[in-house]
Amino acid sequence: MHMIRCEIDTEYRGSEALADLAWRWLTEGADRLEDEFFQGTLDSTGQVEESLKKAVPCGPPGTLWGFLNTTSVNRASGRLTRRSKVLTHKNLPMLRKWLVSDVQLAETAVYRLDEEGMPGELFLRMGVARDQSAVDWVRLSAETPKERFGPAQPRWTEFLRDYSQETDPSYAQIGYSLGLGRTEYEERVGPPLPGMTLPQSRQLLRGYEWLMVIPREIAQKLGGADGITAAGDFHRVETLRDGAVLLQVTPEFDDFTGEAIERTWRLLRPVLRSGMPKRFGDHDLLGPPSRIWYADTA
């Protein structure tokens, strides 16, 4: 089962600003993307708090279940503090309280319990993270199975757009979820960790996808929305509030193949890190479909 990941990268603007943004992303965002299941999880009864620490059933089989957690770090000592609770109306205010600390990672997730009362089908996982090697940056993420994403594509598209309007991202996209939060371009061209590309993400794009946000600094190099529109037959090109450009290459996620990928690569070639993308043998057979163009930008 392949996962779809929505991600927005932006600068860290202080603990107070992060706490507010994280709270809205993790709760209002989850409600916006999966309102029925998020609210249903909050209303669930019989969920077992102990299940977060021990391998015991989480609640009645077939019911909705979720969790909320945070990891905070003392930057002076490096000491980590981890907190977690079952996702319920009663526990949700604890998340707001935890977020005022120096949060390194915060998450909410929604599942349906299987016949043994253990987490089974995943509906949604939301995250807010500060990279350990790039602490001046914040990554907002939302993940869902590909099967759930298809019918909900317009909702996810507008969700990324609206939060990008607010956060002035250095990069944003919706694509297949890959290890370590990398874009496929980073995975195949490098460098190996997102923390190595975030500090330069307003000068070089981290990658490209079917739906993406090009930061204003890079968009200007491409001639802004007018230059991007003139460069190819793209489905949607929109200038956002701070000058970033939202680019949707094709109407549907699954249409981003072949010629559409090449057309996108040719547009963005001048602002991508140079290098020939690698192929990984068996990984390419088992992983999600590749969605980059195999040519060196140099």
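The values are calculated or read from the model by the stated rules, or taken from the named source; none is laboratory data. What you see is a predicted model; the values in this text were computed from it and never measured. As a convention, Cβ positions derive from the backbone with ideal geometry for all residues, glycine included, and neighbour counts pool all protein chains shown. With ligands, DNA and RNA removed, areas are computed over all heavy atoms of the protein, side chains included. Shrake-Rupley method; radii C 1.70, N 1.55, O 1.52, S 1.80 Å.
Per residue, how big is the convex hull around the C-alpha atoms of the chain? Give it to me in cubic angstrom, could you?
So the per-residue hull volume is 135 Å³.
Here the Karplus curve 6.51 cos²θ - 1.76 cosθ + 1.60, taken at θ = phi - 60°, turns the phi angles of the stretch 99-110 into couplings of 5, 6, 7, 6, 6, 9, 8, 9, 9, 10, 8, 10 Hz, with x standing for Gly and Pro. For the stretch 16-72, the list of trypsin sites (Lys or Arg not before Pro) that fall in a loop by DSSP and count at most 10 other C-beta atoms within 10 angstrom reads Lys53, Lys54. Taking chymotrypsin sites (Phe, Trp or Tyr not before Pro) as exposed when DSSP calls them loop and at most 13 other C-beta atoms lie within 10 angstrom, the chain has its longest site-free stretch at 1-279.
So what is the accessible area of the stretch 225-282 per residue, in Å², with the probe set to 1.4 Å?
Roughly 52 Å² per residue, with all protein chains present.
So for Met1, Met126, what's the accessible-area order with a 1.4 Å probe, most first?
Met1, Met126
Working note: Karplus 6.51/-1.76/1.60 with θ = phi - 60° gives the stretch 269-276 the couplings 3, x, 10, 9, 4, 6, x, 8 Hz, where Gly and Pro are set to x. Placing +1 on the Cβ of every Lys and Arg and -1 on the Cβ of every Asp and Glu, with nothing else charged, gives the chain a dipole about its Cα centre of roughly 960 debye.
Reported value for the stretch 7-156: 116 Å³ per residue, from the convex hull of its C-alpha atoms. Taking a ≥ b ≥ c as the square roots of the eigenvalues of the Cα gyration tensor, the stretch 118-229 is oblate, since a/c reaches 1.5 or more and a/b is not larger than b/c. Suppose R0 equals 30 Å. What FRET efficiency, 1/(1 + (r/R0)^6) with r the Cβ-Cβ distance, do Asp35 and Glu166 give to the nearest 0.05? Once the sixth-power term is evaluated, E becomes 0.90. A simple spin-label model places pseudo-atoms 7 Å from Cα toward Cβ; at Glu49 and Glu28 they are separated by 2.9 nm.
If R0 is taken as 45 Å, the Cβ-Cβ distance between Ser77 and Asp233 corresponds to a FRET efficiency of 0.25.
Taking trypsin sites (Lys or Arg not before Pro) across the stretch 227-298, the ones in a DSSP loop with at most 14 further Cβ atoms lying within 10 angstrom of their Cβ are Arg241, Lys278, Arg279. Note that the stretch 148-156 has calculated 3J(HN,Hα) couplings of 7, 5, x, x, 9, 3, x, 5, 5 Hz, one per residue in order, obtained from phi through the Karplus relation 6.51 cos²θ - 1.76 cosθ + 1.60 (θ = phi - 60°); glycine and proline are x.
Rounded, prolate or oblate, given the Cα gyration tensor of the stretch 155-298, with a/c below 1.5 counting as rounded? Since a/c stays below 1.5, the shape of the stretch 155-298 is classed as rounded. Solvent-accessible surface of the stretch 79-154, taken per residue with a 1.4 Å probe and all protein chains present: 48 Å². Near Asp255, once Lys and Arg are set to +1 and Asp and Glu to -1 for all other residues with Cβ below 14 Å from its Cβ, the sum equals -3.
Within the stretch 187-204, find all residues whose amide N lies under 15 Å from a label point positioned 7 Å from the Cα of Gln132 along Cα-to-beta-carbon. Counting only backbone N, you get 193-196. Other residues lying with their Cβ under 12 Å from the Cβ of Arg241 contribute a combined charge of -3, Lys and Arg counting +1, Asp and Glu -1. Between the amide H of Tyr111 and those of Trp65, Gly66, Phe123, distances stay under 5 Å, these residues lying 5 or more places away or on another chain, with hydrogens modeled in the peptide plane. Backbone N atoms of the stretch 1-26 closer than 16 Å to the 7 Å Cα→Cβ label point of Leu286 belong to residues 1-3. Near Ser170, the amide H atoms lying under 5 Å from its own belong to Asp9, Thr10, Glu11; only residues 5 or more places off or on other chains count, and H is placed 1.01 Å from N. Across the stretch 25-93, Cα-Cα distances exceeding 14 Å account for 63% of all pairs.
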